[in-house]
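> Input: one structure, supplied below.
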Amino acid sequence: MEKNPEEPQILQGHHRLEGEFIAVGTRHSLFNFTIIHVIDDVLVCTYDKGNKQTVFNGAWITRALGKDFTENKKEFNLSAETYFRWLLSFFIKKDTKSNKNHTIQLYGECELDNDIYIGSQIQFAVDGEDFIRTNDKMEHWIVTKPEAEHFRTIAESTLGVNLRKKVMKHYCAEMIRKILHYSNLKENVAPEVTVSRHDVSDGRVAFNCTATGFYPRSIMMRWEKGGQLGVWGQESSSGTLPNADSTFYLQITLELPPGDSGAGYACVVEHNKLQAPAVHPVPEKPTERRSWVLVLGLLTAIILVLSCSGAFILWNKKTGQKTLEHATVGDEGTL
């Protein structure tokens, strides 16, 4: 979504680029190879072995990345096909059934927070099972299949370490910066927030605060009491999840200990589309008086409905009786 900016935008919030490489083939042949890159759950570019083309999702993304970066990216994707052909034969070299198809998946991601690189991770899977993985906090690769031991030696060599750093910090982190400095992938959307309260018969109280439909993904939600932060009870979170329309969803829950009436609490939401933190008070517990008012109101409504129904039935009976009398008189006149 191009905004035709004269100056680069300031990169704010938390952003993630996810890349998935999928290779299908045998020890001797690579049948299919695809690459998908996504930033904040929005498609950025794809590559397919069939046409050997890297396709960017919009001309403005190509302009944002620049000619040199896009050309290097295209060459990298072509080279990746060669690397995965070698990986396919290397990972399954003990398979004596040369005609059996195998699938290798590489999942990689890197993250930026307010334009600061905060880390990355890489994970390989073979035929749907974890094979080997690592991240920036690990000094070594973690092997989950014995067959991966030989690959770990290569990955932890100086060449392997330098290649990983180059790929994750250059192609991954720089792609986020170039695209999001140029423009947003979507218009920023403020969250829609709802707060609910649940009173249990044993005296416990639980609150839910739900934010949905927001973009970008970065959001902060917390509980306050009387405007103060604190640990008020047991907290839980759904984690930030994607909606079908590429916006996001987050729910947090607070369960208070017995004896806390739940008065004075609020859910506070911060998002870069909001000019200031939004404070959403938790509904108060209905009083007994309010409960009686609701009951009386409900009873009144029921009585009115029954009265109207009774009047309608009585009117209908009278109308039917008059119609029958007229019909009888008419019949007698005819006779």
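> Please report Met138, Met168 as a ranked list, fewest other C-beta atoms within 10 angstrom at the top and most at the bottom.
Met138, Met168
> Output the pairs from Lys67/Lys178; Lys49/Lys178; Lys74/Lys100 with a Cα-Cα distance over 20 Å in this structure; if there are none, say none.
Too far apart for the 20 Å limit: Lys49/Lys178; Lys74/Lys100.
> If neighbour count is taken as other Cβ atoms inside 10 Å, put Thr54, Thr103 in order from fewest to most.
Thr103, Thr54
> May I ask you to sort Asp245, Asp202, Asp136 by Cβ crowding, counting other Cβ atoms within 10 Å and putting the fewest first?
Exposure proxy ranking, most exposed first: Asp202, Asp245, Asp136.
> With a sphere of radius 14 Å drawn around the Cβ of Leu159, what net charge do the other residues whose Cβ falls strictly inside it have (Lys, Arg +1; Asp, Glu -1)?
+3
> Also, quick follow-up: Compute the separation of the alpha-carbon centres of the stretch 81-160 and the stretch 187-205 and state it in Å as a whole number.
About 42 Å separates the Cα centre of the stretch 81-160 from the one of the stretch 187-205.
> Moving on. Within the stretch 234-277, what residues put their amide N at less than 13 Å from the label point 7 Å along the Cα-to-Cβ vector of Asp202?
256-259
> Right, here's the next one. Give me a comma-separated list of calculated 3J(HN,Hα) values for the stretch 233-244, in order, Karplus coefficients 6.51, -1.76, 1.60 applied at θ = phi - 60°, integers in Hz, x for any Gly or Pro.
x, 8, 9, 8, 9, 6, x, 6, 10, x, 8, 5
> Need the full-extension length gain, Met220 to His14, defined as separation in residues times 0.36 nm minus the C-alpha distance. One decimal, nm.
Once the chain is fully extended between Met220 and His14, it gains 73.1 nm.
> Under 5 Å between amide hydrogens, which residues at least 5 positions from Val44 or on another chain qualify, with H placed 1.01 Å from N in the peptide plane?
Distant-sequence amide H within range of Val44: His37, Val38, Ile39.
> Note down the net charge around Val200, summing +1 for each Lys or Arg and -1 for each Asp or Glu among other residues with Cβ under 14 Å from its Cβ.
-1
Here, each number is a calculation from the coordinates, and none is a lab measurement. Bear in mind that the values here come from a model prediction, so they are computed numbers and not experimental data. Cβ atoms come from the backbone with ideal geometry, glycine included; neighbour counts cover every protein chain shown.
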